[in-house]
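Enquirer: Pasting in a structure now, in structure tokens, and then I'll have a few things to ask.
The values are calculated or read from the model by the stated rules, or taken from the named source; none is laboratory data. Computed from a predicted structure; not experimentally measured. With ideal geometry, Cβ positions are generated from the backbone for all residues, glycine too; neighbour counts draw on all protein chains shown. Just the protein is used for accessible areas: all its heavy atoms, side chains included, with ligands, DNA and RNA removed. Shrake-Rupley method; radii C 1.70, N 1.55, O 1.52, S 1.80 Å.
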Amino acid sequence: VMVCAHELQLLPRIELVRSVAAMLKPNLALMMDNPLSKIPTLVLDDGSTLFDSSVICEYLNELAQGPLFPPCGPARWPALRWQAFGDGLLDALILWRNERERAPESCSKDLMAAFDLKTRAALVQLDREQSALQDAPFGIGHIAVCCALGYLDFRFDAFQWRDACPRLAAWYATLRTRPAFAATEPSLDG
């Protein structure tokens, strides 16, 4: 969402509220706006709320009359597929991290192996699709895939995916230099 806000130059119109959402510790303040206790949540001027990155990104794109979501036609489906691909990879990584953070005696080795396998398969597939990603107009699919790769680097720094996916790594290295990605680089400092 923040990458979209930067890309669409909407950041001055958004009030950011720092929130923490953890799977095992529902945030009661956040639940007043989103009963699922999930971020991001966008509270609109009229007090209504939007949940989920994909919904909020599409709303912001429409608000700015932006180019991030292709209109109906052949360019729309690959963009939405890559958005779903990036979102799905990110979902798997978050679940993997949650499992990894459990006490070692209660952590499922089978589940950990499944997340590892799915992540590696997703990266190999994205590596195969690198030229199509590169040739497509920049949009929501690129944002979702880059955010998933950024999370992979941030929370799984020992994963070392670049050697197995050199085309994807080169594409990502170029794309993450865009000002919107540089401005939203995650850090443990806040």
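Enquirer: In the stretch 127-180, carbon and sulfur make up what percent of the accessible area (probe 1.4 Å)?
Expert: 52
Enquirer: Right, next: Considering Cα pairs under 8 angstrom that are at least six residues apart, work out the relative contact order of the chain and quote it in whole percent.
Expert: Result for the chain is 23 percent.
Enquirer: Determine the distance separating the Cα centre of the stretch 94-159 from the Cα centre of the stretch 1-38; give it in Å without decimals.
Expert: Comparing the Cα centres of the stretch 94-159 and the stretch 1-38, I get a distance of 22 Å.
Enquirer: With every protein chain kept in place and ligands, DNA and RNA left out, what is the accessible area per residue of the stretch 146-190? Probe 1.4 Å, answer in Å².
Expert: 57
Enquirer: In the stretch 6-120, if the dipole is taken from +1 on Lys/Arg beta carbons and -1 on Asp/Glu beta carbons about the Cα centre, which of Leu68, Ile94, Thr119 is farthest to the positive end?
Expert: Farthest along the dipole direction, towards plus: Thr119.
Enquirer: With +1 on each Lys and Arg Cβ and -1 on each Asp and Glu Cβ, and nothing else charged, work out how big the dipole of the chain is about its Cα centre, in Debye to the nearest 20.
Expert: It works out to roughly 380 debye.
Enquirer: Using a 1.4 Å probe, what is the accessible area per residue for the stretch 1-58, in Å²?
Expert: That works out to 71 Å² for each residue.
Enquirer: Looking at the stretch 4-83, which trypsin sites (Lys or Arg not before Pro) are in a loop (DSSP not H, G, I, E or B) and have at most 16 other Cβ atoms within 10 Å?
Expert: Those that pass, being in a loop and sparsely packed, are Arg18.
Enquirer: Can you check what the net charge comes to around Leu44, using other residues whose Cβ is under 13 Å from the Cβ of Leu44 (Lys, Arg +1; Asp, Glu -1)?
Expert: Around Leu44, the surrounding residues sum to -4.
Enquirer: Can you list which of the DSSP-assigned H helices in the chain have a Cα extent of 18 Å or more along the long axis and an average Kyte-Doolittle score of at least -1.0?
Expert: Going by DSSP H runs, the hits are 76-100, 109-128, 140-155.
Enquirer: What FRET efficiency comes out for Asn27 versus Leu188 if R0 is 22 angstrom and r is the Cβ-Cβ distance? Round to the nearest 0.05.
Expert: Here the calculated transfer efficiency is 0.70.
Enquirer: May I ask for the longest run of the chain untouched by GluC sites (Glu not before Pro) that are loop-located per DSSP and have at most 15 neighbouring C-beta atoms (other than their own) within 10 Å?
Expert: Answer from the scan: 102-190.
Enquirer: Around Leu30, with a cut-off of 12 angstrom between Cβ atoms, what is the net charge of the other residues, counting Lys and Arg +1 and Asp and Glu -1?
Expert: +2
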